[in-house]
Amino acid sequence: MSDFNQFIQEDKPTLVDFFATWCGPCRAQAPILEQVKNRMGDKVNILKVDIDQNQALAQQYRVSSVPTLILFKNGMAVWRTVGVQQEELLVQKLTDHLE
């Protein structure tokens, strides 16, 4: 995940989905994130991080349950939640952090 730090340092909001392929709720979250990306377009970044392939990153951000969503802006975690989140909430959180 060499681009991870680059993305989270950006001025535009970056929503990171820490997930696992074996996780049912993570599979339910995926199409919701797709809808969010379609609505928000290039104003935001949405990254998916597989915790099994990126264990150090998951540990660094204390991800103990999946899905865990963390919203970054300018390198800072500004919001975090665990579990499946609905499109409207995610769009609102991202919009709140647009300039």
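The values are calculated or read from the model by the stated rules, or taken from the named source; none is laboratory data. Please read all numbers here as calculations on a predicted model, not as lab measurements. Glycine also receives a Cβ, built like all others from the backbone with ideal geometry; neighbour counts cover every protein chain displayed. Quick note on the areas: whole protein, heavy atoms, side chains included, nothing else; ligands and nucleic acids left out. Shrake-Rupley method; radii C 1.70, N 1.55, O 1.52, S 1.80 Å.
Run the reach check for residue 48 against lysines, Cα to Cα strictly under 17 Å, same-chain hits fewer than 8 apart removed. What comes back?
Excluding near neighbours in sequence, the set is 12, 37, 73.
Show me 56-64, 6-14, 68-76 ranked by packing, highest mean number of other Cβ atoms within 10 Å first.
The packing order, highest mean first, is 68-76, 6-14, 56-64.
How many nm is it between the label spots at residue 52 and residue 78, if each spot is 7 Å from the Cα in line with the beta carbon?
Those two pseudo-labels are separated by 3.3 nm.
If you take the charge dipole of the range 22-99 about its Cα centre, with +1 on Lys and Arg Cβ and -1 on Asp and Glu Cβ, which of 64, 29, 95 is farthest toward its positive end?
About the Cα centre, the residue reaching furthest to the positive side is 64.
For the range 1-88, which whole-number percentage of the solvent-accessible area (1.4 Å probe, protein heavy atoms only) is attributable to carbon and sulfur atoms?
49
Output ³J(HN,Hα) for the range 30-40: one whole-Hz value per residue in order, computed from phi by the Karplus curve 6.51 cos²θ - 1.76 cosθ + 1.60 with θ = phi - 60°, and x for Gly and Pro.
These are the phi-based 3J(HN,Hα) values: 3, x, 5, 5, 4, 5, 4, 4, 4, 6, 8 Hz.
Amide H of residue 16 versus every other amide H placed in the peptide plane: which residues, excluding those fewer than 5 positions away on the same chain, fall under 5 Å?
Under 5 Å from the amide H of residue 16 lie the amide H atoms of 47, 70, 71, 72, each far enough along the sequence or on another chain.
Given all pairs of different Cα atoms, what value in angstroms does the Kirkwood hydrodynamic radius of the chain take?
Values: mean 1/r = 0.0750 Å⁻¹.
Result for the chain stands at 13.3 Å.
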